[in-house]
1. Can you sort K61, K265 from fewest to most other Cβ atoms within 10 Å of each residue's own Cβ?
2. Using only Cα atoms, locate the centre of the range 352-381 and the centre of the range 184-229, then give the distance between them in Å, rounded to an integer.
3. How much length would be gained if the chain were fully extended between Q83 and R284, taking 0.36 nm per residue of separation minus their Cα-Cα distance, in nm to one decimal?
4. Under 20 Å from a point placed 7 Å out from the Cα of K202 along the Cα-to-Cβ direction: which residues of the range 11-54 have their backbone N that close?
5. Sticking with the crude label model, points 7 Å out along Cα→Cβ, report the distance from K344 to E94 in nm, one decimal please.
6. Once label points are set 7 Å from the Cα along Cα→Cβ at both A352 and E308, what is their separation, rounded to one decimal in nm?
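What follows draws every value from the coordinates through simple rules; no lab data is involved. The model shown is predicted, which means the values in this text are computed figures rather than measured ones. As a convention, Cβ positions derive from the backbone with ideal geometry for all residues, glycine included, and neighbour counts pool all protein chains shown.
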Amino acid sequence: MAESDRREKILIIGNGFDLAHGLPTAYKDFMQFCNVVQTILLDKECTSISDAIENADIHSKIKAVIESELNNDTGILKNQTIQMVQELEGCIQENIWYKYFQKIEKDMRGDNWIDFESEISEVIEYLDRKIDKLEQKYKRFDFINNDLYAKNRKFFTTIFPDQLLSLSGREIRERCFNDLEKLTRALEIYLSVFVEKIDCDKLNIISEIQPDYVLSFNYTDTYERIYGIKEKKPEIFYIHGKCNAGNPMKENNMVLGIDEYWEGKDKDIHTNFSVFKKFVQRIRKKTGTGIYTTLDSIEYSPILLNSESTVYVFGHSLDKTDKDILSQILGHEDARVKVYCKDKGSEGELIAKMIQLIGQDNLVDKVYANPSKLEFEVIEK
């Protein structure tokens, strides 16, 4: 069969894929677990972990995993698990981002990772745009009291209560980045040591696709673990890296960052905070290399798109932070695209996000092509 006649199936998945399989991978699940680590699992005064977690505000499936990790004789965590939990606790202790999210948790717009990243972006963008005032220490008091928005003032005054007037702008930037890396490592331990131990059932809608390629924007190996097909094993690209608590922190390749907020030439001028941005993290951590090195020109990609190719999207928010990859695939003139939506409300949101990725004219052309090259399907429950 000629290459141009190959009928490739490409599956794109995001965090909604894990959530649809009943896995506790939402932002709030991670925060709740961190709280349990500090108040129960490593609390020396806790006489019974099993009894304590029974009433803890934490996902029931994580409770079950914790129970399975307890030593039958002593009732405490097994040695290897407790070492991982202690490392996680070290990553969140005095972590400015963890402390900040504890402060604003009730004010968050949602409990998805997009909302989490948006909060980080809001702080970093403000820092970046005001860095000149932070560098001038004699103006810093006025900056904190008069120039900061209320939410950003909460970040700086609660996270750096006594140090802010003495730290340089560079020191603040480095502290923010180092603590974000630590928080990412804490998330890696949570996902790798606890979430990936949870069994889940296959979804028929996914089993029927049998893709040739999977583009996973998740850190977990859920597709690989649940849908591993020996006869037809797809090539899987972990665009944002893959969790592996067994590796040391310096080898963590998980991308947890923000979108580009500068426009035009300003993107090339204001680079002090680029290290927080996803595209830079992908370069530094070499994630999705197999697809990245070839997506400059889609024709040379290992994922060959043509009129017979079908791209399925399940559980991905289609957020613009992933536009550099998604726009080339979803907007390709030949590819047929099918986006699964969990309900009517999300259908409208995903259509709006698709417009941001591929443009209104391209979206209309693909939807009304004969046959249609773009459809949104609401999953019936």
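1. Working: K61 18, K265 8.
Exposure proxy ranking, most exposed first: K265, K61.
2. Rounded to whole Å, the Cα centres lie 26 Å apart.
3. Details: separation 201, 0.36 × 201 = 72.36 nm, distance 2.78 nm.
Result: 69.6 nm gained on full extension.
4. 11-14, 17-23
5. The answer from the label model is 5.4 nm.
6. For the pair A352/E308, the computed spacing is 3.9 nm.
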